[in-house]
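Data first, discussion second: the structure below is written as structure tokens.
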Amino acid sequence: MASVLLEKICKSFVPGKPVLNELSLEVKSGELFFLLGPSGCGKSTLLRILAGLEKQDSGRICFDGEEISALPPEKRQAAMMFQSYALWPHLTVFENIAFGLRILGISGQKLKDEVFSALEAVQLGDCAGRRVPSLSGGQQQRVALARALAVRPAVLLLDEPLSNLDARLRDTMRGEIVRICRERSQTAIYVTHDRQEALSMADRMAVLKDGRVSQCGSPRELYERPQNRFTGSFLGDINFIDGKIVDGKLDAGFGIFPLCGDPDNAGCGAIRPERIKLVDAAHRGAFAAKIVNGTFLGDCCEWICRVQDTELAVREYAPELRMTGDEVFLAFEDGFLMAME
Amino acid sequence: MLFRRMIQYSIMLALITFLALFLILPVFTVLHEGCNWHLIAEVFRSPVYCEGLLNSLLIAVVTTAMVALISLGLALLYDRYEFAGKEYCSLLMLLPMILPPFVGAIGFQQILGYYGVVNSLLVQCGMQRIDFLGGSGKFWSVCVIEALHLYPVFYLNLITALGNIDPALSDAAANLGASGWQRFFRIKLPLLKSGFLAGGSIVMVWSFTELGTPLMFGYNRVTPVQVFNGLNELENNPLPYSLVVVMLSVSALIYLLMRRLLSTPGGASAVKGAMGSRTKRLVSWRRFLPSSAFLLVAFLSVLPHLALTGTAFSLRWHDTVLPEVFTLEHFDNALSNPLVLPSIVNSLRYSLLAMIIAVFCGTLAALASVRWKLKGAWLLDLLSMLPLAIPGLVIAFGFLGMTGRYLWARAIFNPVDNPLWLLAIAYAVRRIPYVVRAVVAGLEQTPEELENAARNFGAGPVKTLCRITFPLIGANLLVGGLFAFSFSMLEVSDSLILAQKSVFFPITKALLELSQILGSGPASASAFGVWAMAFLALTLASAGLLMGRKIGAIFKF
């Protein structure tokens, strides 16, 4: 399996409005790498450039250290699962999946085995003889996934592969994709805008914003140590706390708290709602706050609390019964108040 | 990548050169020979030529109006209702295509002539004979015959346009309170403009320059016939060239005018995606109404040819409603005429070669303009659509002029020695637009992502073309090829002008020659016409069999 290196990729469809802006990334061999970002941030374009279906304006793409920018799509071994599925309507499900294998020179029993194992992986073993238009949207999506998996490409490209499935099937398919990629140590690049999907499946991931990498790292790194507001808030709810920064500590007005990360260049602190604890008044670092709103979510409750001028979202698991207007004491969990630019 | 780009560019360049040589150069030659202001002034000073021009224009307008009425009605019925025998209606629409209109003219005379079927009926009912074909009767006969031949062109374009209209657009209007008629006039009709433009301009230019039908009727006061008749004295009188120049300018004007009148704002006229418009199912006796409308139109368009068949089989059909005394003598006569058998072989050779050239060039041109996205593809696009606006008569004259002017042209296709390449290319050039249209429609309905996917899975450009693109647009390729072939078989103007020796006569010219033999001529011509029609029907039917049940797919173009 190949490693992927992208160096300063630029692409614009309209001059002056770059879709990708000097984007650089490295994906290690065998890694399940996620590209996450809001719509229009250039994720799909990047995938199509990797597959050779679009040509970058400048920049280098290397597979396994070898530059492939000049290779036509068919020479790249970067099988892609298309967002629109792109299943060939004149071929059966079996023939759709067999297409790439036949080009690799596989035939006979081996071909059949490969096709059926790909179909089993997406739970469509009994659909081999059917025509594409007779399948539902979710089934078509899984056929497209099977087609890409079947050819065991150097790099597997997945463009929102599970967007059209119901919740239960999506969970199963997530597990299948992770299993297959791990088993084969398949290098795969997976585009999505679903942060749960990215956080739960990725070995490493990159958050894209306006055609640039906002931050790149393991899911835990990105979630717990976001380097900027965009990454922090894109991956989940987060409280930004303004204040003065003195000696690596944040003076928020209602207390002075130690910051982790890089306090020298920081302008504020940030902490995720589940890292703010409801505590006794005697707890170290506790400060008083008033509940102004609450949302019951089943396993947890999300409280909006006011301290002076600051509103904080607080997530309480196994929540107690509280009322709006109640006074509570809060404390930041040690090591989770991050310095932010 | 660069290498492929270069191949694509050289293919485009080759196509442009081909069209420049065999489309632009002939027109240029005609212009060169005919752009003599004295001669053009003479055309407009001569009351005979002016009358011809006026008559031709009137024929074009009346024919197009008739065609539009017939086909709009049928297309709406087809689009809106589910009725008995709907699947055969598309097949019925094929019928007029296989019937050469100028052959029908012989039959038409049998029906409406002074001693023809209708007058015999009138006499039997105790009424006076009416001279249908005298006076302005010839004019109307020409219009009716051409309209009955050309309405499928218009109809197919309308059906395509209707099929591309997302039913949701109409539903949205209904949702906002528009009634059926309001939806029709405010939503459907405006969205159909592209169909009207495409169909209308072809029909109008076609009927304006149609040579065969008025020639068969002996209706000589129309420009195309005047041009044809001037052919014999071309050596010392270049006036026909000027007449052709005038005709070309008027055709271009018609085309531009249509374009201006019907151009759709914004370009994209149709919302794609939700295919298959919703149809209403008719019940009880009503479900036969639409099919009888289709049957009636088909019957009318077949009527002249039925009469032709009657003439071919009867020894005597004069002043009676039905033919009397059947015989096979005419078929014998036709076959024993030395013109007939070779002309069938000739037509086959010319048309097959023309079909191959047209499909080859048309498919490449369509690929270049839709898929390859080359710089300068607009030029190829324009050139490959141009034959629709340039009358066949002009191109035929141009080829004739070219063989006189250029040595290389005389070397490749000398009409006296062997007009195989000359006729094949002349046929092909004018059939290229049909192929391009058919293939472009197919390519546009096929998402490019399907080809991208094949490339992504390791198939090279040629393999992708063969395994994915061509199978997906197979029906469109077949339609393009069939159109190219059958229109070539029925081609009149090139055939009459460019085939100069009787050994090389194609079917159409042999038919004309045969019909002009005094005495048994028209009857043997009818018999030959029956042969030709049977033969064409056979080709189309076998193509239909090849397509199997997917014959309907032909019409989604």
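Where both bridge residues fall in chain A, DSSP classifies roughly 75% of the beta bridges as antiparallel.
Taking 0.36 nm per intervening residue step and subtracting the Cα-Cα distance, what contour gain separates A:LEU297 from A:ASP210 on full extension?
Values: separation 87, 0.36 × 87 = 31.32 nm, distance 3.30 nm.
Difference between extended and current length: 28.0 nm.
Mind jotting down the distance between the C-alpha centroids of the range A:34-96 and the range B:391-440, whole Å? After rounding, the separation between the Cα centres reads 46 Å. Measuring nothing but alpha carbons in the range B:412-501 and taking Rh as the Kirkwood radius, the Rg to Rh ratio lands at 1.18. Would you look at the GNM of chain A, springs on alpha carbons closer than 10 Å, and say which of A:GLU176, A:GLU120, A:GLU320 moves the most? Comparing A:GLU176, A:GLU120, A:GLU320 in the GNM, the peak value goes to A:GLU320.
Expressed as a fraction of 2.2 N^0.38 Å, the rule-of-thumb size for a compact globular protein of N residues, what is the C-alpha radius of gyration of the range A:237-340? Provide the component values of the computation, followed by the final result.
Details: Rg = 13.4 Å, N = 104, 2.2 N^0.38 = 12.8 Å.
Computed over Cα atoms of the range A:237-340, the ratio equals 1.04.
Quote the Stokes-Einstein diffusion coefficient, in whole µm² s⁻¹, for the range A:1-84, based on the Kirkwood radius over alpha carbon pairs, a temperature of 4 °C and a viscosity of 1.567 mPa s. Each step should come with its number before you reach the end.
Working: Rh = 13.2 Å.
This corresponds to a translational diffusion coefficient of 98 µm²/s.
Chain B against chain A buries an accessible area of about 2000 Å², both chains summed, 1.4 Å probe radius.
Of all DSSP-defined beta bridges confined to the protein assembly as shown, some 75% are antiparallel rather than parallel.
Once R0 is set to 35 Å, what does the formula 1/(1 + (r/R0)^6) return for the Cβ-Cβ distance between B:LEU289 and B:VAL118, expressed as a FRET efficiency to the nearest 0.05?
Details: r = 27 Å, r/R0 = 0.76.
The formula returns an efficiency of 0.85 here.
Quick one: in the range B:357-398, what % of C-alpha pairs are over 15 Å apart? Write out the running numbers ahead of the final one.
Working: 420 of 861 pairs.
Distances greater than 15 Å cover 49 percent of the Cα pairs.
Once backbone amide H atoms are built at 1.01 Å from N, B:SER314 has B:THR327 as its partners under 5 Å, excluding neighbours fewer than 5 places away on the same chain.
Distance from the alpha carbon centroid of the range A:7-25 to that of the range B:216-240 works out to 65 angstrom. Less than 5 angstrom separates the built amide H of A:LEU250 from those of A:PHE257, A:LEU259, all sequence-distant by 5 or more or on a different chain. Database remark: amide H of A:LYS209 closer than 5 angstrom to the amide H of A:SER214 (H placed geometrically; neighbours at sequence offset of 5 or more, or on other chains; Pro and chain starts carry no H).
The HN-Hα couplings worked out from phi for the range A:21-27 by the Karplus form 6.51 cos²θ - 1.76 cosθ + 1.60 (θ = phi - 60°) are 10, 6, 8, 10, 7, 10, 10 Hz, whole numbers, x standing for Gly and Pro. Phi angles across the range B:85-93 convert, under the Karplus curve 6.51 cos²θ - 1.76 cosθ + 1.60 with θ = phi - 60°, into 3J(HN,Hα) values of x, 4, 5, 8, 5, 4, 5, 4, 5 Hz, Gly and Pro given as x. The Kirkwood hydrodynamic radius of the range A:47-111, based on inverse pair distances between different Cα atoms, is 13.7 Å.
Relative to its Kirkwood radius, the Cα radius of gyration of the range B:469-537 gives an Rg/Rh of 1.14.
Split the accessible area of the protein assembly as shown by element, probe 1.4 Å, and carbon with sulfur accounts for 60%. Considering all different alpha carbon pairs of the range B:2-119, the Kirkwood hydrodynamic radius works out to 20.4 Å. Cross-link partners of B:LYS509 among lysines, defined as those whose alpha carbon lies under 25 angstrom from its own and excluding same-chain residues fewer than eight positions apart: B:LYS138, B:LYS501. Going from the isolated chain to the complete set of protein chains, the range A:69-87 loses at least 30 Å² of heavy-atom accessible area (1.4 Å probe) at A:PRO72, A:PRO73, A:GLU74, A:PHE82, A:ALA86. Along the range B:6-15 the Karplus relation, 6.51 cos²θ - 1.76 cosθ + 1.60 evaluated at θ = phi - 60°, assigns HN-Hα couplings of 5, 4, 4, 5, 6, 4, 4, 5, 4, 5 Hz to successive residues, with x for each Gly and Pro. Under Stokes-Einstein, with the Kirkwood radius over Cα pairs as Rh, the value for chain B at 25 °C and 0.890 mPa s is 99 µm²/s. Note on chain A: Lys pairs 8 or more places apart or on different chains, Cα atoms under 19 Å apart, count 16.
May I ask you to derive the FRET efficiency for B:CYS50 and B:MET385 from their Cβ-Cβ distance with R0 = 22 Å, giving the value to the nearest 0.05? Write down the numbers at each step before the final one.
Details: r = 31 Å, r/R0 = 1.40.
Taking R0 as 22 Å, the efficiency between B:CYS50 and B:MET385 is 0.10.
Please give the direction-averaged projected area of the C-alpha convex hull for the range A:4-229, in square nanometres with one decimal. Don't skip to the end; give the middle numbers.
Values: hull surface 50.7 nm².
With every direction weighted equally, the projected area is 12.7 nm².
Overall, the ratio between the Cα radius of gyration of the protein assembly as shown and 2.2 N^0.38 Å, rounded to two decimals, is 1.26.
The values are calculated or read from the model by the stated rules, or taken from the named source; none is laboratory data. Only a predicted model underlies this, so the values are computations on that prediction, with no experimental measurement involved. Cβ atoms come from the backbone with ideal geometry, glycine included; neighbour counts cover every protein chain shown. What goes into the accessible areas is simple: the full protein's heavy atoms, side chains included, and nothing from ligands, DNA or RNA. Shrake-Rupley method; radii C 1.70, N 1.55, O 1.52, S 1.80 Å.
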